[in-house]
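Trainee: I have a structure I would like to understand better, so I am pasting it below and will then ask my questions one at a time.
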Amino acid sequence: MQAKGAYPSFTSRLAFIIAAAGSAVGLGNVWGFTYVAGANGGGGFVLIYLLALAFVAGPAFMAEMLIGRMGKASPPTALGELQASIGAKLSWPTIGWIGLVGTIMVLSFYAVIAGQAMYYGLIALQGGFAGWPEGAVVALDADFKADPLAMALWSAVFMAFTAAIVSFDIRTGIERAGKVMMPTLFVMLIGLVIYSGQTGDMGRAVDFLFGFHEINFTSRLFLEAVGQAFFTLGVGVGGIMTYGSYMGDDVKLPRATFWIVAMDLFVALAAGLAIFPLVFASGVEPTAGPGLVFLTLPIIFTEIPGGAFVAFAFFLLLTFAAVTSSISLLAPTVARMTEGRTGRPFAACLMAGTAFIASLATVYSFSDGREVYPLAALGFDGLTAFDLIREGVSNFILPLSGLAYCLIIGWALRRDDVRAALPMADGRLFTLWYMVVRIIAPLAITALFIGAVLG
Ligand code: PFF
């Protein structure tokens, strides 16, 4: 139990790293990475993605954590305090508030996708998929999407689960969830990769993910790769800033960043190596897009030995990955609300309810609104509400907030103060990171946007 009034904290360095890795490892790694990499031609895309992780999103991730640790409050409050500490004129809390809106946007589609994963997990638990005719899987997906009520219901179940965990204090809720779910997720994932290696076509999967194929280097491809790098680490909405505010001063930030990024990358690549060997062995198209996980894979599960069990393991993995991220998406708004007199359970329910209502836009996009493009008149033809929310948050809010964090750490705050907040960091490592945050990452993000506008 925390002493009343004391600012909450994780119990240990490891607890922080597990929670933060839980935030990073999410639907983005399994559902997102595989389909974005698949749809963009494999190796070349993965290379840009790796560079974006190392030189843009990773350093920005550390900057965001550091802001949380320095400000020790919810994102708008932490940013406000840092602003006050140097007497800057621009309103820094605004960046925090935009981030909070971003958390609800991400949650709104997260809940629908995770809801479908839970539903499929339940079907697999009842022995589903194994031995089904292919048409049954297609019908399952089509029926689910034709039933907005079912989608909304599963979205509500997922949000309720998320709210329940966040209602508890940090150590009993968020920390414990990570400690239970993350190791399970790793074990299941490694098991799936081994299984895929034995039953599937690993050679082609490796070539597809890491080999260089014909690829069109468009500005959109760069935006997708950088957007995916930001999304996968979860930089830019204040989730990791909030967790950063709960970490002890003994956490070595560069080392923690390294481990979190490494685990995140490991899960994305391992998910690719679990999924694509099966995809290739059964001769289906790797470029299936978002349907890969809910259409292509389940069809494969119908044919393989132990299909129901493998399907259950896979969807449970996906659900766990989603929950450890969704709690980090709900934590920032709850942190802000509990700075007043509001209690955690009430704040968690209210914000989860808000995210659930927002999730109805995605439910609509997947069902009756499949061909409704709300902003077509503004030049965004062909994009559903879901596309607009997903692309808006991962390709705009995340990189732009990331840019703001880099500018705050690299230019606005005094170098000595930043250095003092990282006492254990090696001097050369600090200089390198500081230069990346000050110059390389901002230039890369700016170039990306100029390219996107001109391209
Ligand atoms: N990193 C998560 C994923 O890859 O699915 C998504 C995410 C989590 C985004 C936390 C933002 C965040 F604050």
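Trainee: Nearest 500 deg cm²/dmol is fine: what mean residue ellipticity at 222 nm does the chain get from its DSSP H runs of n ≥ 4 alone, each adding -39,500 (n - 2.57), divided by its residue count?
Mentor: Result for the chain: -22500 deg cm²/dmol, rounded to the nearest 500.
Trainee: Continuing with the same structure: Determine which aspartates and glutamates satisfy two conditions relative to Lys179: a Cα distance under 19 Å, and not lying fewer than 8 residues away in the same chain.
Mentor: Within reach: Asp169, Asp264.
Trainee: Pull out the extension gain between Ala421 and Met435, defined as 0.36 nm times the separation in residues minus the alpha carbon to alpha carbon distance; nm, one decimal.
Mentor: Result for the pair: 3.4 nm of gain on full extension.
Trainee: Sticking with this structure for a sec: With just the Cα atoms of the range 237-325, tell me how far they stretch along each of the three principal axes, in Å, largest first.
Mentor: 51, 24, 19 Å, listed from the longest principal axis down.
Trainee: Additional query: Using only Cα atoms, figure out Rg for the range 177-257 and give it as a multiple of 2.2 N^0.38 Å.
Mentor: Dividing the Cα radius of gyration by 2.2 N^0.38 Å gives 1.55.
Trainee: Could you point to the residue in Met202, Phe449, Ala281 farthest towards the positive end of the chain's charge dipole, with +1 and -1 charges on the Cβ of Lys/Arg and Asp/Glu respectively?
Mentor: Phe449
Trainee: Excluding Val166 itself, calculate the net charge of residues whose Cβ lies under 14 Å from the Cβ of Val166, where each Lys or Arg counts +1 and each Asp or Glu counts -1.
Mentor: Charge balance near Val166 sits at +2.
Trainee: Indicate the gyration tensor shape class of the range 1-89 (rounded, prolate or oblate), computed on the Cα atoms with a ≥ b ≥ c the square roots of the eigenvalues: a/c under 1.5 is rounded; otherwise a/b larger than b/c is prolate and the rest oblate. Before the final figure, lay out the partial values.
Mentor: Working: a/c = 3.21, a/b = 1.72, b/c = 1.87.
Oblate, since a/c reaches 1.5 and b/c is not below a/b.
Trainee: May I ask you to evaluate 6.51 cos²θ - 1.76 cosθ + 1.60, the Karplus curve with θ = phi - 60°, for each residue of the range 422-427 and list the ³J(HN,Hα) values in order in whole Hz, giving x for glycine and proline?
Mentor: Result, rounded to whole Hz: 10, x, 8, 6, 4, x.
Trainee: Also, I was wondering about something else. In square nanometres, what is one fourth of the surface area of the convex hull spanned by the alpha carbons of the range 157-293?
Mentor: 11.0
Trainee: Figure the gain on full extension for Glu214 and Phe55 (residue separation times 0.36 nm, minus the Cα-Cα span) and round it to one decimal in nm.
Mentor: Separation in residues times 0.36 nm, less the Cα-Cα distance, equals 54.8 nm.
Trainee: Provide the per-residue ³J(HN,Hα) series for the range 382-390, in order, calculated from phi with Karplus coefficients 6.51, -1.76, 1.60 and θ = phi - 60°, each as a whole number of Hz, with x at glycine and proline positions.
Mentor: x, 9, 6, 4, 4, 4, 5, 5, 5
Trainee: Work out the P(r) tail for the range 119-221: percent of alpha carbon pairs separated by more than 17 Å, whole number.
Mentor: So the portion of pairs separated by more than 17 Å is 76 percent.
Trainee: For a quick check: sort Thr103, Thr338 by the number of other beta carbons within 10 angstrom, fewest at the front.
Mentor: Fewest to most other Cβ atoms nearby, the residues stand as Thr338, Thr103.
Trainee: On to the next question. Quick one: Kirkwood hydrodynamic radius for the range 338-436, alpha-carbon pairs, angstrom, one decimal?
Mentor: With all distinct Cα pairs of the range 338-436 included, I get 17.6 Å.
Trainee: Could I ask something else about it? Let's test this: bin the Cα-Cα distances of the chain at 20 Å from zero up to the farthest pair and state each bin's percent.
Mentor: Reading the bins upward from 0: 26, 59, 15, 0.
Trainee: Separation of the range 251-286 and the range 25-101 by C-alpha centroid, Å?
Mentor: Cα centroid to Cα centroid, the span is 19 Å.
Trainee: Provide the packing ranking of 155-161, 237-243, 387-393, i.e. peptides ordered by the mean count of other C-beta atoms within 10 Å per residue, highest first. If you can, show how the numbers build up before the last one.
Mentor: On the way: 155-161: 21.7, 237-243: 31.0, 387-393: 19.4.
Result, highest mean first: 237-243, 155-161, 387-393.
Trainee: Here is a further query. How charged is the neighbourhood of Ala322? Take every other residue with its Cβ under 15 Å from the Cβ of Ala322, and add Lys/Arg as +1 and Asp/Glu as -1.
Mentor: Around Ala322, the surrounding residues sum to 0.
Trainee: Could you tell me, in Å, what Rg and Dmax come out for the Cα atoms of the range 51-158?
Mentor: That works out to 21.4, 66 Å for Rg and Dmax.
Taken together, the values in this text are just the output of simple stated rules run on the coordinates, not laboratory data. These numbers were taken from a predicted model, which means no experiment stands behind them. Here Cβ is always computed from backbone atoms with ideal geometry, including for glycine, and neighbour counts include all displayed protein chains.
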